[in-house]
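Structure first, then comments.
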Amino acid sequence: MRTDVVVVGLGAFGSAALWRLAARGVQVVGIERQGIGHAFGSSHGTTRLFRVACMENPALPAIARKSLALWTELGERTGATYVRQTGSLNVGAPTSGPVTGARAAAAAGAAPVTELTHEELAARFPQYNLAADDVAVWDPGAGICYAEPTVRAQVAEAQRLGATVYPHTMVTAIDVGPDAVTVRTPTTSITADQVVISAGAWLGKLVPDLPLSPRRTPLFWFQPKDPASEAFRLRNFPSFIWEFADGRGLWGHGSDEDFLVKVGLDGADRDRDIDPDELDRYIHPRKDIAELAAAIADAFPELDPEPVKLMPCMVTDSPDGQFLVGRYDDRVVVAGGDSGHGFKHCAGLGELLAQITTKETPYTDVSFVDPHRF
Ligand SMILES: Cc1cc2nc3c(=O)[nH]c(=O)nc-3n(C[C@H](O)[C@H](O)[C@H](O)COP(=O)(O)OP(=O)(O)OC[C@H]3O[C@@H](n4cnc5c(N)ncnc54)[C@H](O)[C@@H]3O)c2cc1C
């Protein structure tokens, strides 16, 4: 079989690239080793935080806004909601990463934000057991986005626009030649002009010289101690990132849908450099839960620190905490190194991947995610 582009791996990044390539009329084939919207990579669970004034880099608001625009357009066609904009809190000391990073992103990316003093924050969000110098930057365009449903919707939209999709098919080799690239699976080979490799935690296996480090990162859900409490509904407890004085932090959001509150811990330095094929899928109460439960008991006294649901997931870190998205060589484009904050950007990154693959001018600066920057 011969095609224009093959996309290897249809998680968040690959499904978006497939969609945006198909939207241009490019003949594109997507190959995914699992089912579409599965729970064995980095894009499972119901939700992810959606932020616009992204503390991780001032260039990110443009990409988040592109995701929002594309998902809004897709939602108008399909009748589904892919982002709920409830606003979001960046909490910590005035010099903390969330506060300074959100301010910098807002200034550079023209994302409007509001500063909350300690007193305003405490009055408006009494769920938080704040440290004496905690303040917040409120990002009104932020909220939550929906993980598995969005991956499925991006693939379905790509198929509607003409893409061919092979689920449950593992790519075993990618041979790059002077005139074409051949993508091999156990049952067939596909020859293409270009390949987009968006294999998540497995990207480093397919392109071994990329500096990527997969990390085991479980997802956790909690409930309020008082089942009748409204305090942790999404409308009262919107998404947040909170950095503590010791450098660790919590992130999460409330829920109106199933009333389970999602909270995770940042800064636990373990389970790095794992082999994604050997991911430990057991949950270890002492290792996985104790530190997070203690942090929650301290931070949100009205939340029951015993998780009601949890599942393993993976983040793939890059050395500078930014994605690796861009041209790798004449025939290969890569997308990975999500570093734990990629989902909200995936549609915007998909558009960039399509532009890079078809040699259009990217709609925003991509030098900070250049895979060759190391
Ligand atoms: C606990 C946790 C919380 C997070 N919270 C947030 C958040 O709040 N906000 C946010 O924006 N981001 C968040 N993220 C990050 C976000 O989920 C990731 O950035 C995103 O899911 C990465 O998508 P991906 O496409 O790189 O990887 P994946 O979705 O894993 O996709 C890679 C795909 O490639 C496939 N594949 C691999 N090898 C092959 C092969 N040989 N052949 C065929 N297919 C192959 C895999 O099966 C997989 O489907 C979080 C991540 C975790 C783990």
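Annotation: amide H-H contacts under 5 Å for Asp317 (H modelled 1.01 Å from N, sequence separation of 5 or more, or interchain): Ser213, Arg215, Ser339.
Modelled label positions at Asp179 and Arg286, each set 7 Å beyond Cα in the direction of Cβ, lie 6.3 nm from each other. Phi angles of region 323-338 translate, via the Karplus equation with coefficients 6.51, -1.76, 1.60 and θ = phi - 60°, into HN-Hα couplings of 5, 10, 9, x, 6, 9, 8, 4, 10, 10, 10, 10, 8, x, x, 4 Hz per residue; Gly and Pro are given as x.
Name the chymotrypsin sites (Phe, Trp or Tyr not before Pro) in region 268-339 that are in a loop by DSSP and that have at most 12 other C-beta atoms within 10 Å, would you? Don't skip to the end; give the middle numbers.
Details: sites: Tyr282, Phe323, Tyr328; in loops: Tyr282, Phe323, Tyr328.
Here the chymotrypsin sites (Phe, Trp or Tyr not before Pro) that fit, given the DSSP loop and packing criteria, are Tyr282.
For Leu279, nonlocal amide neighbours, meaning residues 5 or more places apart or on other chains whose placed amide H falls under 5 Å from its own, do not occur. Helix 60-78 and the longest principal axis of the C-alpha atoms of the chain enclose an angle of approximately 80°. Extension gain for Ser213 to Glu306 (0.36 nm times residue separation, less C-alpha to C-alpha distance): 30.5 nm. Segment Ala294..Arg24, full-extension length gain: 92.2 nm, with 0.36 nm per residue of separation and the alpha-carbon distance subtracted.
If one takes the longest principal axis of the Cα atoms in the chain, at what angle in degrees, from 0 to 90 and to the nearest 10, does the Cα axis of helix 97-109 lie? For 97-109 against the chain, the angle is about 60 degrees.
Full extension of the chain between Asp320 and Lys225 gives 30.3 nm of extra length, using 0.36 nm per residue less the Cα-Cα distance.
Accessible area per residue was computed with a 1.4 Å probe on protein heavy atoms; Val369 scores about 0 Å². Among the listed pairs Lys66/Lys287; Lys66/Lys262; Lys66/Lys309; Lys66/Lys225; Lys205/Lys262, those with a Cα-Cα distance over 27 Å are Lys66/Lys287; Lys66/Lys309; Lys66/Lys225; Lys205/Lys262. Between Thr187, Thr95, Thr114, the Gaussian network model of the chain with springs among Cα atoms under 10 angstrom shows the greatest mean-square fluctuation at Thr187. The 3J(HN,Hα) values that the Karplus relation (6.51, -1.76, 1.60; θ = phi - 60°) gives for region 166-172 are, in residue order, 10, x, 6, 9, 9, 7, 9 Hz. Gly and Pro appear as x.
Proximity of backbone amide H atoms, modeled 1.01 Å from N, is registered between Lys309 and Trp221 at under 5 Å, excluding neighbours fewer than 5 places apart on the same chain. Taking a ≥ b ≥ c as the square roots of the eigenvalues of the Cα gyration tensor, region 35-82 is oblate, since a/c reaches 1.5 or more and a/b is not larger than b/c. For region 349-362, putting each phi into the Karplus relation 6.51 cos²θ - 1.76 cosθ + 1.60 with θ = phi - 60° gives couplings of 6, x, 5, 5, 4, 5, 5, 5, 5, 8, 6, 7, 7, x Hz, in residue order, rounded to whole numbers and with x for Gly and Pro.
Note on Ala108 and Thr361: with the Förster distance fixed at 30 Å, the Cβ-Cβ geometry gives a FRET efficiency of about 0.90.
Exposed loop positions in the chain were taken to be GluC sites (Glu not before Pro) whose DSSP state is not H, G, I, E or B and which have at most 15 other beta-carbon atoms within 10 angstrom. Between these positions, the longest stretch is 1-229. In this simple spin-label model, placing a label point 7 Å from the Cα along the Cα-to-Cβ direction at both Met1 and Asn236 gives a separation of 5.2 nm.
Add -39500 (n - 2.57) for each DSSP H run of 4 or more in the chain, then divide by its residues: what number comes out at 222 nm, to the nearest 500 deg cm²/dmol?
Result for the chain, helices only: -7500 deg cm²/dmol.
Between region 131-148 and region 152-215, the alpha-carbon centres lie 34 Å apart.
In this calculation the C-beta distance from Asn129 to Arg77 is compared with R0 = 51 Å, giving a FRET efficiency of 0.70.
The values are calculated or read from the model by the stated rules, or taken from the named source; none is laboratory data. In this text the structure is predicted, and so the values were computed from the model without any measurement. Don't worry about glycine lacking a Cβ; one is built from the backbone with ideal geometry, like all the others, and counts go over all protein chains shown. The accessibility values were calculated without ligands, DNA or RNA, using every heavy atom of the protein model including side chains. Shrake-Rupley method; radii C 1.70, N 1.55, O 1.52, S 1.80 Å.
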